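Accompanying notes for the structure given below.
Derivation of every value follows stated rules applied to the coordinates shown; laboratory data play no part. No experiment lies behind these values; they were computed from the predicted model shown. Please note: Cβ atoms are built from the backbone with ideal geometry, for glycine as well, and neighbour counts cover all protein chains shown.
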Amino acid sequence: MLNPEIEKKIDELLSKMTLHEKLGQLNQQSNEHGMEAENREMLKNGEIGSFICNTGHFGPTDGNPAHNNRKYVNELQKIAVEESRLGIPVLYGKDVIHGHNVVFPIPLAMAAGFDPDLVRDAYTAISEEAANDGIRWSFSPMMDLSRDPRWGRCVEGYGEDPYLGSKMAAAAVEGFQGDDLSRRENLAACAKHYIGYGAMEGGRDYQKSELSDYALRNYYLPAFKSAVDAGLRTVMSSFNEISGEPTTSSHYLLTELLRDELGFDGFVVSDYNSVLQLKKQGVAETNADAARMSVSAGVDMDMADRCYLRNLEKEVAEGRLDESIVDEAVRRVLRVKFELGLFENPYVHYEEADIDAHKALALRAAEQGMVLLKNKNGALPLSESEPVGFTGDFLKETWRMFGAWTLDGVNEWANTLEEAVRKNFPEAKANFSHANNLIDRYDGVMESDTVVLALGGHPEGEASGLATLEIPEDQKALIKKARMSAKKLVGVFFYGRPMALGEVEPLFDAILWCWHSGTMTADAAANILYGKTNPSGRLPMSFPRVTGQIPIYYNCTPSCRNVDEYYPKEPFMYKNYRDTTGAPLYPFGHGLSYTAFEYSDVSFDKTELSPEEINGGKCFEVSVKVKNTGDRTGDEVVQCYIRDKVASMMRPLRQLEGFERITLAPGEEKTVTFRLGLGELGFYGKNGKFAAEKGDFTVFIGGSSYAPEVGKVTII
Ligand code: NOJ
């Protein structure tokens, strides 16, 4: 619902603006070193609507309030407000992706926590810190669904599942924006990258995505839809093309689908230089063509390349572009500025953030996201009286554990794994090796029966594709060497994405997947290793055995013959591959605990509903009792999957339609209830319409996507 008072103020302002000033509002300027004088001049002329604060003087604050951006941000704002003709405040945006000074886990690791409430709280904390540095707009959350861990940016999103992605996306938007965007500590969120960027062919960044409308709507769109429903204020268009059309110039995607169908009423910003890149993509001949095509498609603000500012006046003057299109774009940008309260409070309002509370939250998020992949014979947790040799090049690491996009993270606040073990478990008989190369390091701890290898990779992200997902050869050599002497071998892995562990996995007794989990990564890993925290993370992306299995994802459609596909228990006659199986090494939703959970007493409140009842909002309720049968408190992520048995289009063998994280003390039990209605049972069919079709739906409930079948419901 638009606010009529704001719309009136926009009308008044628009009526006073020259076309040049309007284009200024659509211009998002970068601030590389050397541009400072020019930018001051442009601000006076009303030629800058927003700054992207990743560069130049908007550099890292290193957590020291004396070094922060506040002064600079206020100085530039003063020029916009006091020296430009109309005094329109400038909007500062930044890639505040998974933390500001306190770094939270990468989004993929937060998705592994299966806890939207925690994600909401995390982004509330993150916003508060960023707002203290003058940032009122974050280019986040990234909600690109990805089925390809070769794509470096899969770490910035929520994994392979549209349902989980939708819950996480909405939570992040709510965390950033709060209930009232005008409060000083809230930021406008930006859903990116709209759309289909996660479907990059071969995981190659900046290349193409080939997506049918069916796949787009059923898999890639739901997260954006749920973000819009949560009140999202901005969207970033993506670099990629879909089926021959760059999203930056797609009227269908940016206007018909996003605005007319989903009802988005905030503004769209291009990705960095992506307006100009329409020339590189071969659909625009000149800069003017590129600018006209993207503004007409629905890109309101032009990030960095100044294509709008430099070209659109002439396009209007010579009749190729209707000024009303520019007016509409300006209206949307001003709307968000008014909603942010920038006209009333353009300057930074600093209030000290509770950094200790934020660190505690970041620790919880890190612990919840870490996934115990394997634990043979209860190899973990370690006991403090057990002599343990630690080695590996992530023993002394901090910043590489932060993950991609941590522009303002404070390195000094993080412990290394060695420090975390020593501080949190001073009695532990731990021995740390410090040689320079992996193998020599190992020799330093060989005498321990239990060996922990801390291994990992660089922060992933943009332009960080990997053609090989097997871990590097020196890590494999270390693992093989360690296996020859260690009685118990534990792998603690710090990679941002799934890796193909097929070759080395059998060599380990236990594997803890720690991701890049921000400031508190090492503390969380140490707490789980020594059993202070019971692991509870679940995989938001399938783990392949070998790179060649990619794409591999749990919500695949049935094959036309019996083949050894993702779900290995089905009888099969044919094989997907002659050299491996069709099943992943670890499926979506997988994650172990130090305790055990028993599922029982599944009950359905009803098993039949008519189409009218479903369309009218009625639901099936499915309940299950979950009991902690082990001897320590733990969290279980109870997951509900469905399969639409026969439909007009091929439907997935399983699709997640509900989950709940519960905490159970030993012996305790809880009943969890899932509601299955139109949203859960429906899909976008051939006509592009969302509907639930008649017929049977199998229901599966359990602790991963390999959950057992528990019954069925029918739309009669
Ligand atoms: C390019 C990236 O694709 C996008 O995610 C980011 O927000 C912008 N650059 C701005 O840094």
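Calculate, in nm to one decimal, what Arg578 and Lys670 gain on full extension: separation in residues at 0.36 nm each, minus their alpha carbon distance.
On the way: separation 92, 0.36 × 92 = 33.12 nm, distance 4.45 nm.
Here the segment from Arg578 to Lys670 would lengthen by 28.7 nm.
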For this session: Step through the residues of region 226-234 one at a time and calculate ³J(HN,Hα) from phi using the Karplus curve (6.51 cos²θ - 1.76 cosθ + 1.60, θ = phi - 60°), rounding each to whole Hz and writing x for Gly and Pro.
Result: 5, 5, 4, 4, 7, x, 3, 9, 9
For this session: Kindly put Trp399, Trp513, Trp413 in sequence by how many other C-beta atoms sit within 10 Å of each C-beta, fewest to most.
Result: Trp399, Trp413, Trp513
For this session: Pop the C-beta distance of Ser648 and Lys8 into the FRET formula with R0 = 41 Å and round what comes out to the nearest 0.05.
Result: 0.30
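Would you please report the Å³ per residue occupied by the convex hull of the alpha carbon atoms in the chain?
Working: hull volume 114.9 nm³, N = 716.
About 160 Å³ per residue, rounded to a whole number.
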For this session: Starting with the highest mean, order 32-45, 287-300 by the number of other Cβ atoms within 10 Å, averaged over the residues of each peptide.
Result: 287-300, 32-45
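Classify region 268-379 as rounded, prolate or oblate, taking a ≥ b ≥ c as the square roots of the eigenvalues of its Cα gyration tensor: rounded when a/c is under 1.5, otherwise prolate if a/b is larger than b/c and oblate if not.
On the way: a/c = 4.10, a/b = 1.79, b/c = 2.30.
Since a/c reaches 1.5 but b/c is at least a/b, the shape of region 268-379 is classed as oblate.
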For this session: Compute the long axis of helix 287-297 from its Cα atoms, compare it with the longest principal axis of the Cα atoms of the chain, and write down the angle in degrees, 0 to 90, nearest 10.
Result: 70
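Among Cys619, Cys560, which comes first, second and so on when ranked by fewest other beta-carbon atoms within 10 Å? Could you put the intermediate results ahead of the total?
On the way: Cys619 19, Cys560 7.
Least crowded to most crowded, the residues run Cys560, Cys619.
Using mean Cβ contacts within 10 Å as the protection proxy, how do 688-701, 149-162 order, highest first?
Values: 688-701: 17.1, 149-162: 27.9.
In descending order of packing, they fall as 149-162, 688-701.
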Exercise. Each residue of region 321-331 in order: what ³J(HN,Hα) in whole Hz does its phi give by Karplus 6.51 cos²θ - 1.76 cosθ + 1.60, θ = phi - 60°, with x for Gly and Pro?
Worked result: 9, 7, 4, 4, 5, 5, 4, 5, 5, 5, 4
Exercise. Once phi is turned into ³J(HN,Hα) by the Karplus curve 6.51 cos²θ - 1.76 cosθ + 1.60 with θ = phi - 60°, what whole-Hz value does each residue of region 124-129 show in order, with x for glycine and proline?
Worked result: 5, 5, 4, 4, 4, 5
Seminar exercise, completed: Note to self: C-alpha centroids of region 241-292 and region 346-363 sit apart, in Å, by 36
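Based on DSSP H runs of at least 4 residues, each adding -39500 (n - 2.57), what is the mean residue ellipticity at 222 nm of the chain after dividing by all its residues, to the nearest 500 deg cm²/dmol? Write down the numbers at each step before the final one.
On the way: 20 runs with 191 residues, N = 716.
It lands at -7500 deg cm²/dmol.
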For this session: Determine the gain in length on full extension of the stretch Glu36-Phe604; use 0.36 nm per residue of separation and subtract their C-alpha separation, reporting nm with one decimal.
Result: 198.0 nm
Problem set entry | Residues listed by number, region 348-384, amide nitrogen under 20 Å from Lys78 label point at 7 Å toward C-beta | 348-351
Seminar exercise, completed: Flagged as over-length at 19 Å C-alpha distance, from Lys167/Lys645; Lys94/Lys314; Lys167/Lys192; Lys376/Lys488; Lys374/Lys625, the pairs are Lys167/Lys645; Lys94/Lys314; Lys374/Lys625
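Given a Förster distance of 41 angstrom, what is the FRET efficiency for Lys396 paired with Asp213, based on the Cβ-Cβ distance and rounded to 0.05?
Details: r = 50 Å, r/R0 = 1.22.
Efficiency at R0 = 41 Å is approximately 0.25.
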For this session: Report the one residue of Ser84, Thr629, Pro540 whose Cα lies farthest in the direction of the positive end of the charge dipole of the chain (charges on C-beta: Lys and Arg +1, Asp and Glu -1; origin at the Cα centre).
Result: Thr629
Problem set entry | Cβ crowding within 10 Å averaged over residues, with 460-473, 497-510 ranked highest first | 497-510, 460-473
Seminar exercise, completed: Long-range amide H partners of Leu91, meaning residues 5 or more apart or on another chain whose placed amide H is closer than 5 Å, are Ser50, Phe51
Problem set entry | Charge dipole (debye, nearest 20) of region 180-317; +1 at Cβ of Lys and Arg, -1 at Cβ of Asp and Glu | 340
Exercise. Check Tyr158: other-chain or 5+ apart residues with amide H under 5 Å from its amide H, H built from backbone geometry?
Worked result: Asp144
Seminar exercise, completed: Simple SL model, points at 7 angstrom along Cα→Cβ for Ser623 and Thr468; separation in nm is 5.5
Exercise. In nanometres, what is the gap between the two model label sites at Asp229 and Leu86, each 7 Å from Cα along Cα-to-Cβ?
Worked result: 3.6
Seminar exercise, completed: Measuring from the longest principal axis of the C-alpha atoms of the chain, the long axis of helix 307-317 (C-alpha) lies at a number of degrees, nearest 10, equal to 40
Problem set entry | Extreme residue, positive dipole direction of region 61-215, given options Ser209, Tyr158, Gly175 (C-beta unit charges) | Ser209
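To the nearest 20 debye, what is the magnitude of the charge dipole of region 1-140 about its Cα centre, counting +1 on the Cβ of each Lys and Arg and -1 on the Cβ of each Asp and Glu? Write out the running numbers ahead of the final one.
Working: 13 positive and 21 negative charges, 58 e Å.
For this selection, approximately 280 debye.
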For this session: Any chance you could give the angle, 0 to 90 degrees and rounded to 10, that helix 4-16 forms with the longest Cα principal axis of the chain?
Result: 50
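Counting other beta carbons within 10 Å of each residue's own, what order do Met650, Met143, Met1 fall into, fewest first?
Values: Met650 12, Met143 32, Met1 4.
The order, fewest Cβ neighbours first, is Met1, Met650, Met143.
Given R₀ = 41 Å, what would the calculated FRET efficiency be for Tyr206 paired with Glu613, taking r from the Cβ atoms and rounding to 0.05? Display every interim value, and only then the final one.
Numbers: r = 48 Å, r/R0 = 1.16.
So, using R0 = 41 Å, E works out to roughly 0.30.
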For this session: Would you mind checking which residues have amide H under 5 Å from Phe139's amide H? H placed 1.01 Å from N; only 5 or more apart, or other chain.
Result: Lys94, Asp95, Val96
Seminar exercise, completed: Given Cβ charges of +1 for Lys and Arg and -1 for Asp and Glu, the option among Ala691, Tyr706, Ala665 whose Cα lies farthest towards the positive end of the dipole of region 656-716 is Ala691
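Give the residue list of trypsin sites (Lys or Arg not before Pro) in region 524-573 that are DSSP loop and have at most 12 other beta-carbon atoms within 10 angstrom. Write out the running numbers ahead of the final one.
Values: sites: Lys532, Arg538, Arg545, Arg561, Lys569; in loops: Lys532, Arg538, Arg545, Arg561, Lys569.
Those that pass, being in a loop and sparsely packed, are Arg561, Lys569.
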Exercise. If the label point is 7 Å along Cα→Cβ of Lys476, which residues in region 499-529 have backbone nitrogen under 16 Å from it?
Worked result: 499-508
